[in-house]
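What follows is a set of notes on a single structure, which appears directly below.
The values are calculated or read from the model by the stated rules, or taken from the named source; none is laboratory data. What you are looking at is a predicted structure, and each value in this text was computed from that prediction instead of being measured. We place every Cβ from the backbone using ideal geometry, glycine too, and count neighbours over all the protein chains shown.
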Amino acid sequence: MGKFKVSPRINKALYQFGLTKKERLTYLALLEKGISSIQEISRLTGVNRVSVYAALDLLIRKGLVSATKKGKRTLFVAENPESFRRILEDEKADIEEKEEIFNNLLLPSLKALDVSEKNRPRFKFYEGERGIDQVYTDYMLKSEEILACGSWDPVMDYASWKDERWYLREIEKRKIFYRQILEDTSINHRFAMIFKGVFHAKFLPTGVSAPADIQVMGSVTALLSHDKMTATVIEDETIANSLKVYLEFIWERL
């Protein structure tokens, strides 16, 4: 991550608070060095000045960095780490607002669309790394077949090779028929090469991205956003079958 060394634990923690790599480097450099100019931050982190400027702008908006003038120079300083508590409080308020919208608007509206309780789709929402792991454990590892589209790149921003190796070995051990439509990236090609035979892979055209993962498993569909660390599980055979048709159509043409 450049000249500035960041411990994996701190890096992972800041990622879970929504900081990009450049934001993490910039904030930690300021926290350790103190008040600095853009040029000094760039030299310390190895991040170019344009990217440092963009990272500082985002950090200021989040209340983690402040700017000050010294003559004609603009200098920057990291706010007290207690500032992260405000971000946590904002996220809690956001979750509470989403729960209220879900309970008072979305859920009643969805129920109204289906007069049959038996045929009503079931939605489950998960957050954080633990929530995503629960989707893997409760659904993916209990499936006979998985057809997926996505990428390992955002996963490896918070997960380890050891974790993913364990997960894929479990798929192999349980003889799950696993197919993946992946972004054309070096990390995805590495997974496909190392775990050839564990899952079958095809790659999207270069430049085509799949920002969220879609996993179709029997009558269940999982939608995973690794950037936002959220997952939505839909238990509905019609929806799963429809998405599988779309993914099969893509698979056959790659």
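Restricted to segment 23-51, and to residues that are surrounded by 21 or more Cβ atoms within 10 Å (Cβ to Cβ) and closer than 25 Å to Leu88 by Cα, which residue is farthest from the chain's Cα centre (by Cα)?
Leu30
Pairs needed: first member in segment 60-73, more than 27 Å from Phe84 (Cα to Cα); second member anywhere, surrounded by 10 or more Cβ atoms within 10 Å (Cβ to Cβ); C-beta distance under 7 Å; at least 6 residues apart or different chains.
Within 7 Å, the pairs are Arg73/Ser37.
Need the failing condition index for Lys5 against (1) of a type outside the set (S, T, N, Q); (2) under 30 Å from Ile132 (Cα atoms); (3) at pLDDT 90 or above; (4) exposed (fewer than 14 other Cβ atoms within 10 Å of the Cβ), just the number.
(3)
I need the full set of residues from segment 224-237 which are over 18 Å from Glu144 (Cα atoms) and not charged (D, E, K, R), in order please.
Leu224, Ser225, His226, Met229, Thr230, Ala231, Thr232
Answer yes if at least one residue in segment 72-80 is farther than 30 Å from Pro121 by Cα, in contact with an Asp or Glu (Cβ under 9 Å, 6 or more places away or on another chain) and exposed (fewer than 15 other Cβ atoms within 10 Å of the Cβ), and no otherwise.
no
Taking the options Ser160, Ser116, Ser109, name whichever one is at pLDDT below 90, within 15 Å of the chain's Cα centre (by Cα) and surrounded by fewer than 13 Cβ atoms within 10 Å (Cβ to Cβ).
None of the others qualify; the one that does is Ser160.
Restricting attention to segment 52-91, and to residues there that are among the aromatic types (Phe, Trp, Tyr) and modelled with pLDDT of 90 or more, which single residue is nearest to the chain's Cα centre (by Cα)?
It comes out as Tyr53.
Looking at segment 157-197 only, could you name the residues that are of a type in the set (A, V, I, L, M) and out of contact with any Phe, Trp or Tyr (no Cβ under 7 Å at 6 or more places or on another chain)?
Ala159, Ile176, Ala192, Met193, Ile194
Which of the helices (runs of 4 or more DSSP H) contained wholly in segment 1-57 include at least 3 residues that are in contact (Cβ under 8 Å) with a residue 12 or more places away in the chain and closer than 24 Å to Asp227 by Cβ?
Where helices (runs of 4 or more DSSP H) fall fully within segment 1-57 and carry at least 3 residues being in contact (Cβ under 8 Å) with a residue 12 or more places away in the chain and closer than 24 Å to Asp227 by Cβ, they are 8-16, 21-33.
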